[in-house]
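Peer 1: This is the structure, below, for whatever I ask next.
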Amino acid sequence: MRVWDAASGKQLLDVPEPWYMPLFLSFSADGSRVAWAGQGNVHVWDVDAAREVRTISDPGGDVGPLALSADGGRLAAAVGPALSSVFDEVKVWDMADGREVMDAKSQRSVQDLAFNPDGSRLASFRWQHDAEGDRGGVTIWDAAAGLPVLRLGVPEGYGAAFPAFASKLRFQPDGGRLFLFNQIPHAPGRGDAAYEVWDATPTAGGGPRP
């Protein structure tokens, strides 16, 4: 795996190629750290120093979407049973000591994760469709307490016949809004992509914003 400076083209990091192919990775907002999942572990590297600074061994299953907080101090991952490709737990580790500080179970089919700018909140998006009518949605968590502070329903147009692909969550730089992008092939009335924007402050009740 290699990392380049996008402005100069200079190569900053060259990790010897593993025998497995990492499918998920995440940079911290300042670009100083990069995390990726593979071979049952999560690896975090300091890009400037070109060295591994933390390994999360045996995270509890296969690892899916990842998110590093802006300062690289916390790592979030969606975790699921081995070889299932379904990520049903959201975990957070403190990068200073590798301690697990959050484990939210029974999330079912987590598609993406994102920290707010100061790392105090973590957003997760899950998509599902079951007999009870649960279609998933977005949850904003207190990253320190591991408790949900705001739940946002799944947008209209998502359903069993039109699952969401390529889901991406991102907070606005001030943390006030949360953006969700989804590729939804052939969803009626929505085209091939959908953008959703919510008020992400816990006291706002998750109301949509234009």
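The values are calculated or read from the model by the stated rules, or taken from the named source; none is laboratory data. Everything numeric in this text was worked out from a predicted model, so none of it was measured. Here Cβ is always computed from backbone atoms with ideal geometry, including for glycine, and neighbour counts include all displayed protein chains.
Peer 1: Given the options PHE87, PHE27, name the one that is of a type in the set (Phe, Trp, Tyr) and either surrounded by fewer than 16 Cβ atoms within 10 Å (Cβ to Cβ) or in contact (Cβ under 8 Å) with a residue 40 or more places away in the chain (or both).
Peer 2: From the options PHE87, PHE27, the qualifying one is PHE27.
Peer 1: Which residue out of GLY9, GLY38 is among the small types (Gly, Ala, Ser) and either closer than 29 Å to VAL149 by Cα or surrounded by fewer than 17 Cβ atoms within 10 Å (Cβ to Cβ) (or both)? Let's see the steps before the verdict.
Peer 2: On the way: GLY38 fails: either closer than 29 Å to VAL149 by Cα or surrounded by fewer than 17 Cβ atoms within 10 Å (Cβ to Cβ) (or both).
It is GLY9.
Peer 1: For region 53-76: of the residues being of a type outside the set (A, V, I, L, M) and not in a strand (DSSP E or B), which is modelled with the lowest pLDDT?
Peer 2: Applying the filter and picking the extreme gives ASP58.
Peer 1: Search region 153-181 for residues that are under 18 Å from TRP141 (Cβ atoms) and part of a loop (DSSP other than H, G, I, E, B) and pair each with any residue that is at pLDDT 55 or above and not aromatic (Phe, Trp, Tyr) when their beta-carbon atoms are under 6 Å apart and the residues are at least 6 apart or on different chains.
Peer 2: Final answer for the pair search is VAL154/ARG135; VAL154/GLY136; VAL154/GLY137; GLY175/ASN116; GLY175/PRO117.
Peer 1: Report, by residue number, each residue of region 80-102 that is modelled with pLDDT of 90 or more and in a strand (DSSP E or B). Don't jump to the end; show me each part of the working.
Peer 2: To start, the set of residues in region 80-102 that are modelled with pLDDT of 90 or more comprises 90-102.
Answer for region 80-102, where residues must be modelled with pLDDT of 90 or more and in a strand (DSSP E or B): VAL90, LYS91, VAL92, TRP93, ASP94, GLU100, VAL101, MET102.
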